[in-house]
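Participant: First the structure, then my questions, so here it is.
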Amino acid sequence: DSGVTQTPKHLITATGQRVTLRCSPRSGDLSVYWYQQSLDQGLQFLIQYYNGEERAKGNILERFSAQQFPDLHSELNLSSLELGDSALYFCASSVGGGPEQFFGPGTRLTVL
Amino acid sequence: QQPVQSPQAVILREGEDAVINCSSSKALYSVHWYRQKHGEAPVFLMILLKGGEQKGHEKISASFNEKKQQSSLYLTASQLSYSGTYFCGTENGGTYKYIFGTGTRLKVLA
């Protein structure tokens with residue numbers, strides 16, 4: 001158990017819908033990262049927050065947005081969902097933004 | 001540009017050794033390695049910060065050659081528990097954007 005929690009574990013929804021994925025980092029970690037993992041794409045970095053502020057953006061679509069709240073938990077919002085958005089979404093956290101990231105168990109999103 | 005790992009997949013018998021390579025077309029300032037078991041989240045193994053630096057984690061060690069923009073992961077006397085997909089990763093030159101490699105699936109048979 002990494003200490004990072006993600007909810008929900010599974011999410012099934014329809015195209016065009018909007019969903020919110022939630023992540024609670026390890027106690028004391030200030031950085032939160034979001035990744036998308038699909039079979040043909042590997043681990044794709046989406047976005048990083050550090051202490052409430054956006055620090056880096058990766059291959060995140062405009063339909064996706066995220067935020068980190070004052071209590072350091074983070075939410076990833078996915079809207080106008082498409083079939084291709086089906087994937088495993090991981091949240092990870094680290095103390096200061098270094099490469100030793102602790103990954104949560106992931107949320108498996110299925111878009112029908 | 002995503003670092004390229006080789007081989008893509010490897011099957012070993014328990015006790016055999018393996019080497020996984022990670023090559024980047026861009027300069028590497030650090031390399032980190034993760035292992036992801038089937039159905040689980042990636043787990044951090046180690047980070048290499050300097051050219052030629054070698055670090056170890058149990059029977060797993062790694063090297064990093066800055067000039068060649070390459071890193072290699074060495075698994076010695078592999079155990080069943082080593083099975084999984086190994087990813088190298090790097091931060092894109094101070095941008096805080098993390099890029100993971102293409103992955104190497106490793107299976108250890110009894």
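Participant: Among residues belonging to region A:6-23 that are in contact with an Asp or Glu (Cβ under 7 Å, 6 or more places away or on another chain) and of a type in the set (S, T, N, Q), point out the one that is farthest from B:Gly39 (Cα to Cα).
Facilitator: A:Thr15
Participant: Among the strands (runs of 3 or more DSSP E) lying completely within region B:1-46, list those that include at least 3 residues that are among the hydrophobic types (A, V, I, L, M, F, W, C). Show your work before the answer.
Facilitator: Details: elements: B:4-6, B:9-13, B:18-23, B:31-36.
Strands (runs of 3 or more DSSP E) meeting the threshold: B:9-13, B:18-23.
Participant: Let me ask you something else. Answer with yes or no whether A:Ser74 is crowded, with 21+ Cβ neighbours inside 10 Å and either away from chain B (no Cβ under 11 Å) or among the basic types (Lys, Arg) (or both).
Facilitator: Values: crowded, with 21+ Cβ neighbours inside 10 Å: yes; either away from chain B (no Cβ under 11 Å) or among the basic types (Lys, Arg) (or both): yes.
Yes, satisfied.
Participant: Quick one: what pairs do we get from region A:58-75, first residue farther than 20 Å from A:Pro25 by Cα, second part of a loop (DSSP other than H, G, I, E, B), C-beta under 6 Å, 6+ apart or different chains?
Facilitator: That search, which allows pairs on different chains as well, returns A:Arg63/A:Ser79; A:Arg63/A:Ser80.
Participant: Continuing with this model, one more query. Inspect all residues belonging to region B:51-71 and state whether any of them is within 12 Å of the chain's Cα centre (by Cα) and among the aliphatic types (A, V, I, L, M).
Facilitator: yes
Participant: Are there any pairs, at least 6 apart or on different chains, whose C-beta atoms fall under 6 Å, with the first in region B:75-94 and more than 14 Å from every other protein chain (Cβ to nearest Cβ) and the second of a type in the set (Lys, Arg) and part of a loop (DSSP other than H, G, I, E, B), and if so, which?
Facilitator: What qualifies is B:Thr76/B:Lys59; B:Ala77/B:Lys59.
Where a number appears in this text, it was derived from the coordinates with a stated rule and is not lab data. Note that the structure is predicted; figures quoted are calculated from it, not measured. Because the Cβ atoms are built from the backbone with ideal geometry, glycine has one as well, and the counts that use them run over all protein chains shown.
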